[in-house]
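Scroll down for the structure; my scribbles are underneath it.
FYI, it's all coordinate maths here, none of it is from the lab. All values reported here derive from a predicted model rather than from experimental measurement. A quick note on method: Cβ atoms are made from the backbone with ideal geometry, for glycine too, and the neighbour counts reach across all protein chains shown.
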Amino acid sequence: MGCNRNCGLIAGAVIGAVLAVFGGILMPVGDMLIEKTIKKEVVLEEGTIAFKNWVKTGTDVYRQFWIFDVQNPDEVTVNSSKIKVKQRGPYTYRVRYLAKENITQDPETHTVSFLQPNGAIFEPSLSVGTEDDTFTILNLAVAAAPQLYPNTFMQGILNSFIKKSKSSMFQNRTLKELLWGYTDPFLNLVPYPITTTIGVFYPVNGF
């Protein structure tokens, strides 16, 4: 019994010593292998996992919009009545982060340059209508003109452009125009180098 006990203690000590030795050897080796793998896969170089995930993300992001539609434009224009609006929505877009383009690596500075295209795709199944739904909204260009040019002479000129373009205080625009841009007929007549396209996200989306 004494021998068995002593033998067990000795065997346990030997096994513990062996494990300690192997642990002392394998831990640095394991750390070295992990560090090597991380350095290999995390660096933004073609062929690595990090590069593949960086070039094109796989997660879809959604944006939803609600538009306030003016219900009584004529009453407001003629009688200066209080504006009545109706909230319409949601209109949903799936934001598509396209794959990066023109990727160039500089080995001297260890930097990467690229172009990032982006856009949005309309999702009918998550929307109450279509991109062609029409809304009555305030014509910002016409409404802002008197405030930007309070001079009577300038206002006379601007009013002539407004009448010529058949613009008014309110206008009808589609959802697609409101978000992604439309050419304003009034601004298009102004003989100055100004932006004639109006849109909440213009010129982000080219779709």
Inset, instruction - At 7 Å along the Cα-to-beta-carbon direction for both Met154 and Arg94, put a label point, then send me their distance in nm to one decimal. - result: 4.8 nm
Inset, instruction - Give the shape of the stretch 61-198 as rounded, prolate or oblate, defined through the alpha-carbon gyration tensor: a ≥ b ≥ c are the square roots of its eigenvalues, a/c under 1.5 means rounded, and otherwise the shape is prolate if a/b is larger than b/c and oblate if not. - result: oblate
Inset, instruction - Along Cα→Cβ, 7 Å out, is where each label goes; now give me the distance between the ones at Lys82 and Phe65 in nm to one decimal. - result: 2.8 nm
Legend entry - For the stretch 80-85, Karplus couplings with θ = phi - 60° (6.51, -1.76, 1.60), whole Hz, Gly/Pro x: 6, 6, 5, 5, 10, 10
Inset, instruction - Determine, for each peptide in 187-197, 104-114, the mean count of other beta carbons within 10 angstrom over its residues, then list the peptides with the highest first. - result: 187-197, 104-114
Inset, instruction - Using a cut-off of under 13 Å, list every residue of the stretch 151-188 whose amide N is near the label point 7 Å from the Cα of Thr196 along the Cα-to-beta-carbon line. - result: 165, 182-188
Inset, instruction - Return the sequence-ordered ³J(HN,Hα) values of the stretch 188-193 in whole Hz as given by the Karplus equation 6.51 cos²θ - 1.76 cosθ + 1.60 applied to θ = phi - 60°, using x for Gly and Pro. - result: 5, 8, 5, x, 9, x
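How do 171-183, 147-159 rank on mean C-beta neighbours within 10 Å, highest first?
On the way: 171-183: 18.5, 147-159: 11.5.
Packing proxy ranking, top to bottom: 171-183, 147-159.
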Legend entry - Local net charge near Ser81, Cβ-Cβ under 13 Å (Lys/Arg +1, Asp/Glu -1): 0
Inset, instruction - Work out from phi, with θ = phi - 60° and the Karplus expression 6.51 cos²θ - 1.76 cosθ + 1.60, the ³J(HN,Hα) of each residue of the stretch 136-148, listed in order in whole Hz, and give x for Gly and Pro. - result: 9, 9, 5, 7, 4, 5, 5, 5, 7, 3, x, 6, 7
